[in-house]
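S.K.: Provided herewith is a single structure, encoded as structure tokens, for subsequent inquiry.
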Amino acid sequence: MSQSTIVITGAGQRIGYALAKHFAEDGNKVIVSYRTEKPGVETLRECGVDCIQADFGSDAGIHQFARTLAEKNISIRALIHNASDWNAEKNTDDYAALLDQMMQVHVKAPYLLNQALAPFMCTNNQAGSDIIHFTDYVVRKGSAKHIAYAASKAALENLTLSFAQKLAPQIKVNSIAPALIMFNANDDEEYKQKALSKSLMKMAPGEIEVVNAVDFILNSNYMTGQSVNLDGGRALK
């Protein structure tokens with residue numbers, strides 16, 4: 001992969017952090033967004049990553065992030081949409097606000113950023129440029145407990161199909177749909193065993209599995225409009 005700018009949204013922790021660190025250590029210029037200051041953000045700064053605070057919960061926050069990148073006049077090799085929000089119907093009785101919240105971060109932010117930043121996507125390498133959307137395993141089956149979340153991720157997968165058509169052949173657009181990748185620090189053993197039992201592989205592979213999937217997409221010259229399912233065989237259970 002040639003030295004170039006990788007843009008990652010939502011990189012303050014977990015998968016976004018792992019991706020940013022991976023690409024920085026691989027010699028790429030990396031720019032990330034983060035919503036709140038976390039220890040990982042400072043670590044990324046120490047690695048030479050350009051960290052920009054941005055709250056995609058508002059249209060103004062999305063547009064400001066796009067303007068900040070445009071002012072840098074960079075050539076973008078890859079735009080990776082990792083920023084995500086998580087909420088469930090059980091936590092609220094304002095379902096309209098919940099749906100708006102999920103659609104804002106998972107659909108409107110990628111939609112507006114793709115439109116605004118496509119002119120800055122570089123085409124001076126064999127593979128062109130890439131946009132990668134992080135969706136979710138639930139796109140394939142829905143979720144009774146996270147209806148708004150699942151619907152927004154399904155909409156994001158549809159954006160993949162539309163932008164793949166709109167931006168070809170210079171820009172490839174694909175999705176990654178993970179199921180269980182890693183646990184949270186406060187997950188108890190009962191929950192872990194229940195979650196592991198849902199897949200054929202019965203493991204939480206960690207961030208490296210996502211890093212490998214992103215590298216695979218970026219190294220492809222031919223794949224666009226596809227979804228890479230990182231579910232450990234869960235769809236076959």
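The values are calculated or read from the model by the stated rules, or taken from the named source; none is laboratory data. Note that the structure is a prediction, hence the values are computed from the model and not measured. Neighbour counts are summed over all protein chains in view; Cβ atoms, including those assigned to glycine, are modelled from backbone coordinates with ideal geometry. Surface accessibility is based on the protein's heavy atoms, side chains included, excluding ligands, DNA and RNA. Shrake-Rupley method; radii C 1.70, N 1.55, O 1.52, S 1.80 Å.
S.K.: Give the residue from L69, S58, V41 lying farthest towards the positive end of the charge dipole for region 5-129; charges sit on Cβ (+1 for Lys and Arg, -1 for Asp and Glu) and the dipole is referred to the Cα centre.
M.R.: In region 5-129, that residue is L69.
S.K.: Of all the accessible heavy-atom surface of the chain, with the other protein chains kept in place and a 1.4 Å probe, what percent is carbon and sulfur?
M.R.: Carbon and sulfur atoms account for 50 percent of the accessible area of the chain.
S.K.: S33's amide H: which non-local residues (gap 5+, or another chain) put their own amide H closer than 5 Å, with H modeled 1.01 Å from N in plane and none for Pro or chain starts?
M.R.: Under 5 Å from the amide H of S33 lie the amide H atoms of I8, T9, G10, A11, I52, each far enough along the sequence or on another chain.
S.K.: Residue by residue, what Karplus-based ³J(HN,Hα) values in Hz, rounded to whole numbers, does region 193-203 have, using 6.51, -1.76 and 1.60 with θ = phi - 60° and x for Gly and Pro?
M.R.: Along region 193-203, the couplings run 5, 5, 5, 5, 6, 7, 10, 5, 7, 6, 8 Hz.
S.K.: While we're looking at this one, here's another question. Which Cα, out of Y17, A148, S162, lies furthest along the positive dipole direction of the chain (beta carbon charges, K/R +1, D/E -1)?
M.R.: Checking the options against the dipole of the chain, the answer is S162.
S.K.: Under a cut-off of 24 Å between alpha-carbon atoms, report the lysines in cross-link reach of K198, not counting same-chain residues fewer than 8 places apart.
M.R.: Within the straight-line cut-off, K198 pairs with K90, K141, K145, K153, K237.
S.K.: Classify region 160-237 from the C-alpha gyration tensor, please: rounded if a/c falls under 1.5, else prolate or oblate depending on whether a/b exceeds b/c.
M.R.: Here region 160-237 falls in the prolate category.
S.K.: Quick one: Karplus J couplings for region 128-143, per residue in order, coefficients 6.51, -1.76, 1.60, θ = phi - 60°, nearest Hz, x for Gly and Pro?
M.R.: x, 10, 9, 10, 10, 9, 8, 9, 6, 4, 5, 4, 7, 9, x, 8
S.K.: Output ³J(HN,Hα) for region 18-33: one whole-Hz value per residue in order, computed from phi by the Karplus curve 6.51 cos²θ - 1.76 cosθ + 1.60 with θ = phi - 60°, and x for Gly and Pro.
M.R.: Each residue of region 18-33 in turn: 4, 5, 4, 5, 4, 6, 5, 5, 8, x, 8, 6, 10, 10, 10, 9 Hz.
S.K.: Skip the ligands, DNA and RNA, and give the accessible area per residue of region 8-102 with a 1.4 Å probe, whole Å².
M.R.: It amounts to 48 Å² per residue over region 8-102.
S.K.: Ignoring everything except DSSP H segments at least 4 long, calculate the 222 nm mean residue ellipticity for the chain; use -39,500 (n - 2.57) per segment, divide by total residues, nearest 500.
M.R.: It comes out at -12000 deg cm²/dmol, rounded to the nearest 500.
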